[in-house]
Every structure is written in structure tokens, then in C-alpha cells.
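Just so you know, all these numbers are worked out from the coordinates, no wet-lab data involved. Predicted, not measured: the structure shown is a model, and the values here were computed from it. Here Cβ is always computed from backbone atoms with ideal geometry, including for glycine, and neighbour counts include all displayed protein chains.
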């Protein structure tokens, strides 16, 4: 029996499915809750088709819990990007109506018609990295909010002595130097002490999460931390979001995914490019952190930045060039690490796999994502070389 495709439109409390065959013929449909009973009912309903593939929209977002449950049960699951499902819905006969049933139908059609969809698999290490990096980001935001509240209290207790970038040791010293007598002052100092205790606890959790991430990155055999500006947190985020680097055909597609490739905005004889807002913005932020760190230190990145500034680029343009340079370096490191770990040549060559636990579909690029020549060099290269002229001869008297 040929396999069937089960398109799934997932939600927090429900999941709508549609079962189609390879010829896009509808075989069944249903709506199930996501609790234990609903999940069991859905699994019992699809037992009629033993050769089945689950196509879930947003398997890294709303559909992640259902996708993980299916993977743990040994099911074959692929990820369908929401953009592809939206395109199918536009050209369908439903006049772009959006219901759960129509969404499940669009998702199933994408899975039938599209080759190279991302096949999901369980990777415990990457899943742990993702959870720890998410947790650390939450703790970092909580730390900033706690520091702001603590500084506000210290500014009232010690006017004119508050520090901008305060540490826990400085806060303890400042708090120990004040002994208010009035009720409001005592309450203010008590609240400041509680905020300081919260800050100490948060920083301890951040330090522990960072140590765990560093151990995971090193245990995976990654060399990303050898790049200046990339520490354990940035490296873990890159590994968790990229997953299998083989889904990127080359460094240009990787740069398109990271948002470091410019967009072609040429018109007529005017050849220009503009900043790309597309791609994975979280990855773009990680590369921005690495770029700024390289600028602060005596690194090759700072030399490259200064060379671009000397060539006439503005500061932001030079930083974007540096981010693209770091993106290419990260891609090379990922390829080398994958080749060393598997003994195969990844990156779309022989032995590459479509399986991944990363976040997105392999991106497609156009000419704007290719490496661009320097504007100054292109400007002079477009000018024709001057013709050699013979020296002027002196005029002779005609007479």
C-alpha cells in the first residue's frame, strides 16, 4: 500500500488533520483535542493507514509539542512552513478562506507537492541546548529588570551615589552604609535588600546555565567558540537553531538565512543593494553580538572593519560586512565539525541528509544573496581604460 500524507493544523488545545494519498485524493479528516484522550483517539484514527507521513505546520512553534510526541512514538514527521501553506491556500478554490480544515488541507497539499521538506528527528543534545538558551535569555531579562528596580531604590536611599553598571558587591557595600530611621526609609531598605537577594540568585542561575551550555558545546565537538566574539551562549544558540548544516547548499544560502545577505534593489543602470530584514533575526542578533565583540578587541575583525571604513563605507555598512564575514566563518566551522563527526562531506554533497532539528526550511536565494564586489572597485572597474594618445607634433610653417 502506498503511503499517505496527514496534514496537521496544530493549536494549543486542538489539532485538525486531513489524510490524502499521493494523488491528492482526500481519504479522511478529523478534529482532535491535544490532551491524552484526544491524542490517543487521533492515533487510533490513523491506524488504517500504516504507511503514513505526518506534515505539521510550524513544528518549531505551536506544533512542537505534538511533533515531539509523534517522534517519540516512532512516527515519520516533516515540517511545513506556514508561508508555503499560505501560498497553496491563496491559489485554492476556497478564495483564501482560513479555517482549521482548510489549513489542514493546504498543509497536506504542500507535503504532497514539495520535495525536500525538513524531516524531523529527535536530537536530545540540541533540544537541551535550546531549552537552556531560552532559559538563560529569560534569566537575563529578569536580571535587567531586577537591577533597574534595585538602582531605583539605592538612588532614593543614597542620592547622587547610584552607579550605572552596578554589581552585587557594590550594591551590598552601598546598602550596608545606610541605616534609615524613619518607617519609609526602613521599608525602602528592606525592599532593596530583597531585590539584591533576588539578583544574587538570578546571577547564580545564569552562571550555572552558562557552564552547562559550555559543557554541551564542547561535548558536541563544536569549534564555534574558537571564533572571536562567540562564547558558549552564542555557540549553543547557533547549534540549536541551525541543527543540520547540510540543509544549506552553500555559504550564500546560509547568509540568506542569517539575514546577512543584502537584497538586490537595482533599477535600470542604477546597481545598488539594501539591508535585508529577512532571515532568522535571532541568529542575526547572535552574529551582531560577535561583530561588536570583535570591534572591542584587537582582532582580525577590527582590522577588517577599519579597512572597510577606509574604503568609504559608513559605520553601519562596515558592521554589516563584518557580520557577513562572521556568517561565512561560522558556516565553514559548522561544515568542518559535521565532516569530522560523521566522516562525510555535508553541505549538499554526497552523503548529506535532509534530517534536521533546526528551525526553518532550507532557504532559497537569488542573485542578491551572492557575494558582492566592493563598490569602490566596481566603480573603477566599470570605467573603460583610457586610450593611449600620441604626443602632439609641433606645427610646421606651411610656407
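Legend: P(r) of region 226-356 from all alpha carbon pair distances, 5 Å bins from 0, whole percents, reading 2, 11, 18, 21, 19, 14, 9, 5, 2, 0. The modelled label-to-label distance between residue 218 and residue 332, using points 7 Å beyond Cα along the C-beta direction, is 2.5 nm. Between residue 341 and residue 269, the C-beta separation translates, for a Förster distance of 35 Å, into a calculated FRET efficiency of about 0.10. Here r is the Cβ-Cβ distance between residue 278 and residue 179 and R0 is 45 Å; the resulting FRET efficiency, rounded to 0.05, is 0.20.
Most tightly packed first, judged by the mean number of other beta-carbon atoms within 10 Å of their residues, the peptides 115-123, 242-250 read 242-250, 115-123. Descending by average beta-carbon neighbour count within 10 Å, the peptides 8-17, 67-76 line up as 8-17, 67-76, the highest first. Relative to the globular-protein estimate of 2.2 N^0.38 Å, the Cα radius of gyration of region 17-117 stands at 1.03.
Secondary structure note: in region 1-109, about 60% of the DSSP beta bridges are antiparallel.
Subtracting the Cα-Cα distance of residue 163 and residue 141 from their residue separation scaled by 0.36 nm leaves 6.0 nm.
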